[in-house]
Amino acid sequence: MTQQTTPTREAWPRLLVADWADTRDTLHMWTQIVGKVRLAHAPLINHWWQVTLYVSPRGLTTSAIPYGSGAFDIEFDFIDHRLCIRSSEGAVRNVALAPKSVAQFHSETMRALDELGIQVPIKARPNEVEPAIPFAEDHHHSSYDAGAAHLFWRQLLQAQRVMGAFRSRFGGKVSPVHYFWGAMDLACTRFSGRSAPQHPGGAPNCGDWVMVEGYSRELSSCGFWPGGGEEGAFYAYAYPEPDGFADHPVTPAGAFYSRENGQFLLPYEDVRTAGDPDDALLGFLQTTYEAAAERGRWDRAMLECDPDRWQDFQ
């Protein structure tokens, strides 16, 4: 029998945003480069789900990217601190994760891909940030604190685990738990099944058509990103936001609606220090979803399911 361990508060690492802001901003640009490689070769899936990265047992991965009649993948390994590029032909190339500029990381990554025979024409400048310095010219972002990067991955690992449990409660259309490199956030999105009004766009250095595709259906989204709190924050929002959404009661006590951001926020440190971090986060995810579903009159009976419905038959 497989033995499982019970998560504890110690599993949730402490990482002050102020202590790793320079590394965070550099890593943001590095993940944009790798994400754009996936974007260049993966076929379009609704809401840009084909461009995301995924939390892995060692870091963040693209998963398999189709290339010709084969495939390749790219993984940020935050244990051995290397970018590992693997081809279905059997070849492997590594790029060290160490203090270096975005320009150097971009050059080394493109060279490694070229050595594997993988041609990757990307738009080599970042999206959703201001200013958008072309990767080949970015010598400003050059920090890499290996310890902080490892702790960030551990934050993502815990967030992904609990968000995955929350995702299992929904039988309707729901995204994977995945990492969007544009805004550097881990997200999971549920959909009501109804269309939404056209999104106005407005993200910096990002065409409005990107947001139009992303928000083409009515949704409730939740996630985590390394901002919004001393140690990062969990968030939840609805599009379109229904009347009364912001006033809906949510848990735990530290959660609040940010008028500035147009979403509910829960500081990561409130989860980390809770008596039962998993329960605190699940409460936030569930009650903010209910704010969208109840106020937006979703057909909850049709969309929701019991994740333990087959438990007695195992």
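Every read-out reported here was derived from the displayed coordinates using simple, explicitly stated rules and does not represent laboratory data. Remember, it's a predicted structure, so these values are computed and weren't measured experimentally. Heads up, the Cβs are rebuilt from the backbone with ideal geometry, glycines too, and the neighbour counts pull from every protein chain shown.
In order along segment 100-107, phi translates into HN-Hα couplings of 6, 6, 4, 4, 5, 4, 4, 5 Hz, rounded to whole numbers, per the Karplus curve 6.51 cos²θ - 1.76 cosθ + 1.60 with θ = phi - 60° and x for Gly and Pro. Computed from label points 7 Å out along Cα-Cβ, the spacing between GLU10 and ALA64 is 3.9 nm. Residues in segment 258-271 carry Karplus couplings, in order, of 9, 5, 5, 9, x, 7, 7, 10, 9, x, 4, 5, 5, 6 Hz; the curve used is 6.51 cos²θ - 1.76 cosθ + 1.60 with θ = phi - 60°, and Gly or Pro positions show x.
Considering only ARG300, ARG167, ARG38, the Gaussian network model of the chain with Cα springs below 10 Å gives its largest mean-square fluctuation to ARG300. Between the residues ALA64, GLY171, TYR144, the greatest Cα displacement towards the positive end of the dipole of the chain, with unit charges on the Cβ of Lys, Arg, Asp and Glu, is found for ALA64. Taking a sphere under 13 Å around the Cβ of ALA98 and counting the other residues whose Cβ falls inside, with K and R at +1 and D and E at -1, yields a net charge of -2.
Note on segment 158-234 and segment 15-34: Cα centroid distance 20 Å, given to the nearest whole angstrom.
Taking N as the residue count of segment 84-156, its C-alpha radius of gyration divided by 2.2 N^0.38 Å amounts to 1.25.
In order along segment 138-147, the phi-based Karplus estimate (6.51 cos²θ - 1.76 cosθ + 1.60, θ = phi - 60°) of 3J(HN,Hα) comes to 8, 9, 7, 7, 8, 9, 8, 9, 4, x Hz; Gly and Pro are listed as x. Summing charges over neighbours of ALA196, with a neighbour being any other residue whose Cβ is under 12 Å away from its Cβ, gives -1 when K and R count +1 and D and E count -1. Protection proxy ranking for 100-112, 83-95, 262-274, using the average of other Cβ atoms within 10 Å per residue and placing the highest first: 262-274, 100-112, 83-95. Estimated from the Cβ-Cβ distance and a Förster radius of 25 angstrom, the FRET efficiency linking PHE256 and ALA183 is about 0.75. Between amide H atoms placed 1.01 Å from N, distances below 5 Å from GLY59 occur with PHE78, all of them 5 or more places distant or on a separate chain.
Taking 7 Å steps out from each Cα toward its Cβ at SER195 and ASP114 produces label points 4.6 nm apart. For SER258, the residues whose amide H sits under 5 Å from its own are GLN263, PHE264, LEU265, ignoring neighbours fewer than 5 places away on the same chain, with H placed 1.01 Å from N. Near TYR215, once Lys and Arg are set to +1 and Asp and Glu to -1 for all other residues with Cβ below 13 Å from its Cβ, the sum equals -2.
Once the Cα-Cα distance is subtracted from the 0.36 nm per residue extended length, the GLN50 to ARG217 segment shows a gain of 58.4 nm.
Reducing segment 257-314 and segment 58-124 to their Cα centroids gives an inter-centroid distance of 35 Å.
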